[in-house]
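Step one of this worksheet: look at the structure below.
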Amino acid sequence: MKSFFSSFFNLVLIVSIGLGLSGCVTTRLPIASSSPWQAVELGTESNPLDIDFVDENHGFLVGTNRLILETTNGGASWQERSLDLEDEENFRLISIDFNDEEGWLVGQPSLVMHTTDGGKNWTRLLLGSQLPGDPYLVTANGRNSAELATTAGAVYTTVDGGSNWGGRVSDSAGGVRDLRRGEDGRYVSVSSLGNFFATLNPDQENWELHQRVSSKRVQSMGFEPSGQLWMLARGAEIRLNDNPEEIDSWRRPIIPITNGYNYLDMAWDPNNAIWAAGGNGTLIVSKDGGESWEMDPVGDAQPSNLIRVLFEKTNDGKGRGFVLGERGHLLRWVG
C-alpha cells in the first residue's frame, strides 16, 4: 500500500509540473482559417534564393546549382532558362535586381552579370582578383549604375555598366552571414558568428559595429517599411527597434512559438502584417504589430525550411510577395 501511494504521489507531481510548464512555453499557435499564399511548382530540387521583376509580369528567380527561372505571368508559373557559363562551374546565384530593362545578377564564386534588354542576353563582367569576399547583394541604381556588396562587407559602385568599380567604404565588416540594404541606401550586416551586427549609412565610409542585444546569437536583420531595424535571434526570438534615432534601443523580445526551429527571415506585407518564416514549414503572421500570431496553413503544409520572405511594391498598388523554401519550394502572394 505504501508503494502504491508513493507511485500515485509521483504521478500527480509529474502531471502538476507538466501542466505548470505548459503554461510557460507556447508550442503551438492557432492556424489561420485562410491563407494569402499559393504554392507554385518549380520543378527543381535547387534552393531559390532571390526574385526580381522587369515589369508587372516579367521576372526572374535565381538560386543554387546555377538555377535561373523566368516568368511572364507575375510568378504564377516559371520556365527554366540558362546562362552562358562554363559547364564545370557550379555557381550559387544569390542576388538579382532590375531597374526597368537593365538588370544585374551576382553569384558565388565571383560572378557578376549584366543585361540591358530585360534578361534576353546577359554579359559576364570581370572582377578584380583582389575583391574581398564573394558577391552577395546587388542593387540596380539607374542607367549603367549599380552597387555591389560582398560577403566581407565590402561595397562597390559602378556608373559605367560594370567596366569599372569603385569602393564605397574604406574598411569591411568582416565575414557576414546576412546583409541587407534599405531603400534609402543604408546597410545592416550580421557577423558570420552572429555575435555582433554592423550598420552603414550612405554618408559613412566605415561600418559602425554594434553588440547584440542579448546572449542569443543574431540570425538575420533587416529594415521595416518605416526604416527601423528588426532582428531575428536564435531561440526563435524576434526583436523590433524601439527608437529610429537609437539603433541600439530594442523592444522586449517576442517569442510567438517555441517549436525547435529558428526564424530565418521576416517581412511586412502590403497590408502591414508581419510575416516570419523558418524551419520545417514555419510561417507565422501578426496583424497587430506583433501582439498576437497565427500559423499560416499553406506554409505549415510545406515539407521544407522557408528561408526568405520577399515583398515589393507594384504600380497597381497591390504589391507582390513570395516565400522561398529549400528544395524548390515557392509560395506566391495572392492576397
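Excluding Gly59 itself, calculate the net charge of residues whose Cβ lies under 12 Å from the Cβ of Gly59, where each Lys or Arg counts +1 and each Asp or Glu counts -1.
It works out to a net charge of -4.
Across region 139-216, how large is the tail of the calculated P(r) beyond 20 Å, expressed as a percent of all Cα pairs?
Summing the P(r) of region 139-216 above 20 Å gives 32 percent of all pairs.
Count charges around Met113 for me, please; just the other residues with Cβ under 11 Å from its Cβ, Lys/Arg as +1, Asp/Glu as -1.
Taking every Cβ under 11 Å from that of Met113, the sum is 0.
What does the convex hull of the Cα atoms come to per residue for region 175-283, in Å³?
105
By the gyration tensor of its Cα atoms, with a ≥ b ≥ c the square roots of the eigenvalues, what is the shape of region 220-335: rounded for a/c under 1.5, prolate for a/b over b/c, or oblate?
oblate
Would you work out which of Phe91, Trp122, Leu137 lies farthest towards the positive end of the dipole of region 56-146? Charges go on Cβ: Lys and Arg +1, Asp and Glu -1.
Leu137
When a footprinting reagent is the concern and you count Cβ atoms within 10 Å, what order do Glu147, Glu88 take, fewest first?
If I rank by nearby Cβ atoms, fewest first, I get Glu88, Glu147.
Hey, fewest Cβ within 10 Å first, where do Ser110, Ser82 land in order?
Ser82, Ser110
Considering only Leu29, Leu306, Leu105, give the residue with the highest GNM mean-square fluctuation for the chain, with springs between Cα atoms whenever their separation is below 10 Å.
Among Leu29, Leu306, Leu105, the largest GNM mean-square fluctuation belongs to Leu29.
In the set (1) 80, 45, 40; (2) 46, 45, 40; (3) 88, 42, 42, which value of Cα extents along the principal axes in Å was calculated from the structure you see?
(3)
Going by the alpha-carbon gyration tensor, a ≥ b ≥ c the square roots of its eigenvalues, is region 183-228 rounded (a/c under 1.5) or, if a/c is not under 1.5, prolate (a/b greater than b/c) versus oblate?
oblate
Please arrange Trp293, Trp268 by how many other C-beta atoms lie within 10 Å of their C-beta, fewest to most.
So the ranking, lowest neighbour count to highest, is Trp268, Trp293.
By how many nm would the segment from Asp300 to Asn195 lengthen if fully extended, with 0.36 nm per residue of separation less the alpha-carbon distance?
Contour length minus the Cα-Cα distance gives 34.8 nm.
On each of the three principal axes of the Cα atoms of region 63-137, give max minus min coordinate, whole Å, ordered largest first.
Answer, in whole Å and largest first: 41, 26, 19 Å.
Please check: in the Gaussian network model of the chain (C-alpha springs, under 10 Å), which one of Arg143, Arg66, Arg320 has the largest mean-square fluctuation.
Maximum fluctuation in the GNM of the chain, among the listed residues, is at Arg143.
Would you mind counting up the charge near Glu326? Only other residues with Cβ under 12 Å from its Cβ, with Lys and Arg at +1 and Asp and Glu at -1.
+1
Pull out the extension gain between Ser170 and Ile31, defined as 0.36 nm times the separation in residues minus the alpha carbon to alpha carbon distance; nm, one decimal.
Taking Ser170 through Ile31 to full extension adds about 45.2 nm, to one decimal.
Helix 2-22 versus the longest principal axis of the chain: what angle, 0 to 90°, nearest 10, using Cα atoms?
Taking Cα atoms only, the helix is inclined about 30 degrees.
Beyond 16 Å, what share of the Cα-Cα pairs of region 102-180 is found? Please give it as a whole percent.
Considering region 102-180, 45 percent of its Cα-Cα pairs are separated by more than 16 Å.
Which residues in region 202-228 place their backbone N less than 13 Å from a point set 7 Å from the Cα of Arg252 along the Cα-to-Cβ direction?
Hits in region 202-228 for Arg252 at 13 Å: none.
Each value in this text was obtained by applying a stated rule to the coordinates, not by laboratory testing. Please read all numbers here as calculations on a predicted model, not as lab measurements. Reconstructed Cβ throughout: ideal geometry from the backbone, glycine too, with neighbour counts over all protein chains shown.
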